[in-house]
Amino acid sequence: MNSESSKSQIKILILSGPNLNLLGERDPETYGDQTLENHIETAEKAADQKGMTVEHLQSNHEGELVDAIHSARERCDAIIINPGAFTHYAWAIHDALQTFDGPVIEVHLSNPAAREPWRHTSVVAPVAAGTIAGFGGYGYQIAVDAVSELLA
Ligand code: DQA
């Protein structure tokens, strides 16, 4: 039983972009050795403690993420998104997120600002309440806490 049951209606959609399904195997020096499932469990635990619920979709396809954002407009209160490489050029994701009324939190496991120059641009950042980057899986816990604060 969570400690803040008055918030039990709050639903967070977590979206994961391309190649994040390979976490655990993919470049562990950059992304760590935890799987995407581990990160979603972290988010679910943090959400449960705040009386919130989480649903998750990972997709390697931009249009599928756009569709998920559209469907969240009527159903979800906040979106936490790690767009993977879509971060850096997917304006359709930017435009879809702009139609979403609730807070959007951008999460990255690594710190793109400290990596190759092409990773320094985020087309999602202008439509996000904030960005959490460089803290590995802990970023998902921070993101859930941020949603809780923003919707309090
Ligand atoms: C990433 C950073 C992106 O630049 C990269 O393309 C990813 C993962 C991260 O979580 O650090 O796929 O979003």
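The values are calculated or read from the model by the stated rules, or taken from the named source; none is laboratory data. Because the structure is a prediction, the values reported are computed rather than measured. All Cβ positions, even for glycine, are placed from backbone atoms using ideal geometry, and neighbour counts span all protein chains on display.
Spot the failing condition for residue 35; the list is (1) polar (S, T, N, Q); (2) under 19 Å from residue 105 (Cβ atoms); (3) within 15 Å of the ligand (Cβ to nearest atom), and only one is missed.
(2)
Quick one: residue 1 ticks every box in (1) modelled with pLDDT of 95 or more; (2) more than 13 Å from the ligand (Cβ to nearest atom); (3) among the hydrophobic types (A, V, I, L, M, F, W, C) bar one, so which box is it?
With respect to (1) modelled with pLDDT of 95 or more; (2) more than 13 Å from the ligand (Cβ to nearest atom); (3) among the hydrophobic types (A, V, I, L, M, F, W, C), residue 1 is out only on (1).
Looking at the range 45-92 only, could you name the residues that are under 13 Å from residue 15 (Cβ atoms) and of a type in the set (S, T, N, Q)?
58, 59, 60, 71, 82, 87
Determine whether residue 47 is among the small types (Gly, Ala, Ser), out of contact with any Leu (no Cβ under 8 Å at 6 or more places or on another chain) and more than 27 Å from residue 152 (Cα to Cα).
So residue 47 does not fit the description; no.
I need the full set of residues from the range 4-26 which are at pLDDT below 95 and among the charged types (D, E, K, R), in order please.
Of all residues in the range 4-26, those at pLDDT below 95 come to 4-9, 26.
4, 7, 26 - these are the residues of the range 4-26 that are at pLDDT below 95 and among the charged types (D, E, K, R).
Please specify each residue of the range 16-32 satisfying the condition of being without any contact (Cβ under 8 Å) to a residue 40 or more places away in the chain and either more than 14 Å from the ligand (Cβ to nearest atom) or of a type outside the set (D, E, K, R) (or both). Show your work before the answer.
Residues of the range 16-32 without any contact (Cβ under 8 Å) to a residue 40 or more places away in the chain: 21-22, 24-29.
Within the range 16-32, 21, 22, 24, 28 meet the criteria.
Given the criteria within 14 Å of the chain's Cα centre (by Cα) and closer than 19 Å to residue 37 by Cα, does residue 108 qualify?
Against the criterion (within 14 Å of the chain's Cα centre (by Cα) and closer than 19 Å to residue 37 by Cα), residue 108 qualifies.
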